1. Given a 1.4 angstrom probe, what's the average accessible area per residue across the chain, in square angstrom?
2. Tally up the carbon and sulfur contribution to the accessible surface of the chain as a whole percent, 1.4 Å probe, everything protein left in place.
3. So what J values fall out for region 29-46 if you push phi through Karplus, 6.51 cos²θ - 1.76 cosθ + 1.60 with θ = phi - 60°, rounded to Hz, Gly and Pro as x?
4. What are the trypsin sites (Lys or Arg not before Pro) within region 1-74 that DSSP puts in a loop, where the Cβ has at most 11 other Cβ atoms within 10 Å?
5. Please report how far the C-alpha centroid of region 97-144 lies from that of region 25-59, rounded to the nearest whole angstrom.
6. VAL30's amide H: which non-local residues (gap 5+, or another chain) put their own amide H closer than 5 Å, with H modeled 1.01 Å from N in plane and none for Pro or chain starts?
7. Please give the contour-minus-distance gain from VAL20 to MET108: 0.36 nm per residue of separation, less the Cα-Cα distance, rounded to one decimal in nm.
8. Given (i) 49, 38, 29; (ii) 38, 35, 29; (iii) 44, 36, 26, which label gives Cα extents along the principal axes in Å as computed from the coordinates?
Amino acid sequence: LGAGWRVAIAGRREDALRQVADESGADARVIGIPTDVCDPASVEQLFARTVQAWGRVDLLFNNAGIGVTAPIEDLSIADWKRVVDTNLNGMFYCLQQAFKVMKSQSPMGGRIINNGSISAYAPRPGSIAYTATKHAVSGLTKTASLDGRKYDIAVGQIDIGNAMTELA
């Protein structure tokens with residue numbers, strides 16, 4: 001923010017978004033937009049509101065993700081779908097909307113960073129849904145990187161290890 005960035009942050013909980021925006025100390029340069037990345041319409045609204053507020057999207061840090069630890073035979077179908085819907089579908093919905101905005105703005109282009117995981121390379125026991133989606137994120141990133149070239153949209157991926165958050 002010190003470099004003049006204007007930031008839209010997204011998440012499901014409005015109170016948490018407000019807290020992060022307040023803690024940033026950048027008042028008018030940070031907006032929180034409640035978003036469910038599992039819902040394509042919600043993601044579309046996130047990008048529409050961001051463009052309305054800031055006029056363009058120059059960078060997407062695609063970071064939503066959840067995990068469920070369970071043996072394969074005990075993993076419920078509901079939990080499997082919840083992880084896939086968040087980690088894979090949500091990542092795709094955000095990529096898709098970012099491409100639409102970045103292709104249409106002037107000057108055209110932007111940068112997208114997908115947050116993968118070391119689990120795409122080094123799976124852990126009991127993490128089949130999480131690991132499968134993180135392998136898929138690598139495929140999304142590589143394909144989007146190729147597709148974005150002609151629009152000056154650069155797409156890359158970082159694969160960080162564990163982060164001690166409330167979710168962990």
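The values are calculated or read from the model by the stated rules, or taken from the named source; none is laboratory data. Just so it is clear, the model here is predicted, and its values are computed rather than measured. Note that each Cβ is placed from the backbone with ideal geometry, even for glycine, and that neighbours are counted across all protein chains shown. Protein only, heavy atoms only, side chains kept; ligands, DNA and RNA dropped before computing areas. Shrake-Rupley method; radii C 1.70, N 1.55, O 1.52, S 1.80 Å.
1. On the way: 9780 Å² over 168 residues.
Here the residues of the chain average 58 Å² of exposed surface.
2. Reported share for carbon and sulfur atoms: 55 percent.
3. Values per residue, Gly and Pro as x: 9, 10, 10, x, 10, x, 8, 10, 5, 7, 10, x, 5, 5, 5, 4, 5, 4 Hz.
4. Working: sites: ARG6, ARG12, ARG13, ARG18, ARG29, ARG49, ARG56; in loops: ARG6, ARG12, ARG13, ARG56.
Answer by residue number: ARG13.
5. If you average the Cα positions of each part, the centres end up 19 Å apart.
6. Here VAL7 satisfy the definition.
7. Values: separation 88, 0.36 × 88 = 31.68 nm, distance 2.96 nm.
Once the chain is fully extended between VAL20 and MET108, it gains 28.7 nm.
8. (i)
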